[in-house]
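Working notes, beginning with the structure itself.
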Amino acid sequence: MILGGKLRRLREGRGITREEAGEAIRGSHSKISRLELGRTGFRERDLVDLLALYGVSDEAERDEFLELARRANASGWWHRDSDWLPKWFDTYLGLEQGARLIRCYEPRAVPELLQTADYARALLTLAHPDKPADAVERRVALRMRRQHILERADPPQVWLIVEEAALRRPIGGSTVWRQQLDRLIEAVSQPNITLQVLADHVGGPALTDGGFTMLRFTESDLPDIVYLQQLTGALYLDKESDLAAYRAVANMLSVHASPPQYTRGLLDALRHRRPETVDEPRAR
């Protein structure tokens, strides 16, 4: 996306249309559009031809573009799961790894970046009842690996709003549920994590069609992205009108949710409100 944005500015600065650029690389205007939006990878030959068309003759500048292309085409750590990982989610993983701010609203379950392995396993087993245990375990391992970004030297700021109903739902049974609440209590002590709880009576789902994630990046060349995950695919929104609409909803949800400083007390109360139970009958 960074590389595509740089090339778009070069093209527009030269007054070259997408159709003309497409002809230069033996393609079409739609291919140029996909390249400029970061929707597809770059072949070195195409990049060299575009740089020549745009008048980039300085060798150091050309090398910078070629290095960006090599980085853009490199596989992420999740490439080992490419045999089952949907392409639309592969894209999200790359964006998540590079985000400096992750802002999320989740009405159904604990946000994935804060799930325990057992909680994630219970959810994924429900979502993929036809998958064997080893396939579920690979999905659990991927979700846990994603959480490493919270522990690195320069972690992103994470601002999460979750529905109270989602927290009360004992996914995986009471033991797994309590361990998940303990994980949230631990997480809110981290300076880069803000968690707000939206009370049931507020009606968060009425303010938006469902959960969403907003990503912001360190690089000024990258626009914010709104990620909407669906059952069999995902949408990536970067038009300013869409971003403005989702920012407004995120701000409204934040205003209606309990302030972050109350979150730990709410989690403690929620954890102790439900009486102790067992998930399976004890052997006699």
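The values are calculated or read from the model by the stated rules, or taken from the named source; none is laboratory data. This is a predicted model, so every value here is computed, not measured. Cβ coordinates were reconstructed from backbone atoms using ideal geometry, including for glycine residues, and neighbour counts include every protein chain displayed. Each accessible area value is taken on the protein alone, full model and side chains, heavy atoms only, with ligands, DNA and RNA left out. Shrake-Rupley method; radii C 1.70, N 1.55, O 1.52, S 1.80 Å.
Projected over all directions and averaged, the alpha-carbon convex hull of the range 61-100 occupies 3.5 nm². Once the chain from SER75 to TYR262 is taken as fully extended at 0.36 nm per residue, the excess over their C-alpha distance is 63.2 nm.
Per the helix-only calculation at 222 nm, which mean residue ellipticity applies to the chain, given -39500 (n - 2.57) for every DSSP H run of n ≥ 4 and division by its residues, nearest 500 deg cm²/dmol? Each step should come with its number before you reach the end.
Working: 13 runs with 140 residues, N = 284.
So the helix-based figure for the chain works out to -15000 deg cm²/dmol.
VAL226 sits among other residues whose Cβ lies under 15 Å from its own Cβ, and their net charge, with Lys and Arg +1 and Asp and Glu -1, is -3.
Against the main long axis of the alpha-carbon atoms of the chain, helix 174-187 sits at an angle near 60°. Applying 1/(1 + (r/R0)^6) with r as the Cβ-Cβ distance of THR125 and SER57 and R0 = 45 angstrom yields a FRET efficiency of 0.20.
With a 1.4 Å probe and all protein chains left in place, how much accessible area per residue does the range 69-127 have, in Å²?
48
For TRP84, project a label point 7 Å along Cα to C-beta. Then give me every residue of the range 92-113 with its amide nitrogen under 20 Å of that point. Within reach of a label on TRP84, which here means backbone N under 20 Å from a point 7 Å along Cα→Cβ, the range 92-113 contributes 92-94, 112-113. Across the range 110-127, rounded Karplus estimates of 3J(HN,Hα) from the backbone phi angles (6.51 cos²θ - 1.76 cosθ + 1.60, θ = phi - 60°) give 4, x, 4, 5, 10, 7, 7, 4, 5, 5, 4, 4, 5, 5, 5, 5, 5, 6 Hz, Gly and Pro being marked x.
Give, in nm to one decimal, the length gained when the segment between ARG43 and ARG216 is fully stretched (0.36 nm per residue of separation minus the Cα-Cα distance). Kindly include the intermediate steps, with their values, before the conclusion.
Values: separation 173, 0.36 × 173 = 62.28 nm, distance 2.72 nm.
Result: 59.6 nm gained on full extension.
Take the alpha carbon gyration tensor of the range 68-202, find the square roots of its eigenvalues, order them as a ≥ b ≥ c, and report rounded if a/c is under 1.5; if not, report prolate when a/b exceeds b/c, else oblate.
On the way: a/c = 2.01, a/b = 1.24, b/c = 1.62.
Oblate, because a/c is 1.5 or more while a/b does not exceed b/c.
Legend: P(r) of the range 13-129 from all alpha carbon pair distances, 10 Å bins from 0, whole percents, reading 10, 30, 27, 18, 12, 3. Applying Stokes-Einstein at 20 °C and 1.002 mPa s to the Kirkwood radius of the chain, computed over alpha-carbon pairs, gives a translational diffusion coefficient of 100 µm² s⁻¹. Taking Cβ atoms as reference points and 11 Å as the exclusive limit, the residues near ARG216 contribute a net charge of +1, counting Lys and Arg as +1 and Asp and Glu as -1. Taking all protein chains in place and a 1.4 Å probe, what share, in percent, of the accessible surface of the chain do carbon and sulfur account for? About 51 percent, which is the carbon plus sulfur part of the accessible surface.
Over all other residues within a Cβ to Cβ distance under 12 Å of LEU243, the charged ones net out to 0, with Lys and Arg as +1 and Asp and Glu as -1.
Based only on the alpha carbon positions, what is the Kirkwood hydrodynamic radius of the range 135-278, in angstrom? Don't skip to the end; give the middle numbers.
On the way: mean 1/r = 0.0582 Å⁻¹.
17.2 Å is the Kirkwood radius here.
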